[in-house]
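The values are calculated or read from the model by the stated rules, or taken from the named source; none is laboratory data. Please read all numbers here as calculations on a predicted model, not as lab measurements. Positions of Cβ are generated from backbone atoms using ideal geometry, with glycine treated the same way; all protein chains shown enter the neighbour counts. With ligands, DNA and RNA removed, areas are computed over all heavy atoms of the protein, side chains included. Shrake-Rupley method; radii C 1.70, N 1.55, O 1.52, S 1.80 Å.
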Amino acid sequence: MLPLPHSPGCIVCGRDNPHGLQLTLSVDPQSGEVVTEYTSRPHHIGFIGVIHGGVIATIVDEAMVWAATWAGKRFCVCGELNVRYRQIAPVNAAMKISAKIEAVRSRLIETTATVKGNDGTLYATASGKYVPIAKEQNQQFVATLIDDPTVGDTLHALRKGMP
């Protein structure tokens, strides 16, 4: 697995966002599967002891957009996101989020994701449709990625493959 780069202010992966989740996402360069881990916190609740579904939706969106970006070699934006919640996600639950590609077309990339606990509990499944952004905007996005040694190979591969 290769760690993916991040932009400083991203709500999910941004290291410079004090209000963000600051997650690390990785990609399997062969399959394109993107994974991350998240441990729910008390300040992410919707109801007492229950993590807000929007937090889970945000994380699966991030994983799926990176899967789409890796597959299409261009950054994408979400056109459609569907999340099915299977179990209540409790506070302090350690979860693994996994996203993969289902279909790639020139103007639309379809993805799926799962959110599972370390004990195998299935908290949520998701599907999404992602649209590659314009080449000019893609260059702007790529320029904002933090270049650090831990993501050098991934960042190089993305820059090389992204017009």
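At-a-glance table
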item	result
Those residues of region 110-163 which are under 21 Å from Pro3 (Cα atoms), among the charged types (D, E, K, R) and in contact with a strand residue (DSSP E or B) (Cβ under 8 Å, 6 or more places away or on another chain), in sequence order	Lys116, Asp153
Residues of region 69-106 that turn out to be crowded, with 18+ Cβ neighbours inside 10 Å and outside any strand (DSSP E or B), as a count	8
Checklist (1) open to solvent by 30 Å² or more (accessible area, probe 1.4 Å); (2) in a loop (DSSP other than H, G, I, E, B) applied to Leu145, failing item	(1)
So Asp153, is it assigned to a loop (DSSP other than H, G, I, E, B), open to solvent by 90 Å² or more (accessible area, probe 1.4 Å) and at pLDDT below 85	no
Near pairs, Cβ below 9 angstrom, 6+ apart or cross-chain, from region 79-97 (modelled with pLDDT of 95 or more) to any residue that is among the acidic types (Asp, Glu) and in a strand (DSSP E or B)	Ala94/Glu37; Met95/Glu37; Lys96/Glu37; Ile97/Glu37
Within region 107-135, considering residues that are in contact with a Pro (Cβ under 8 Å, 6 or more places away or on another chain) and not in a strand (DSSP E or B), the one surrounded by the most Cβ atoms within 10 Å (Cβ to Cβ)	Lys135
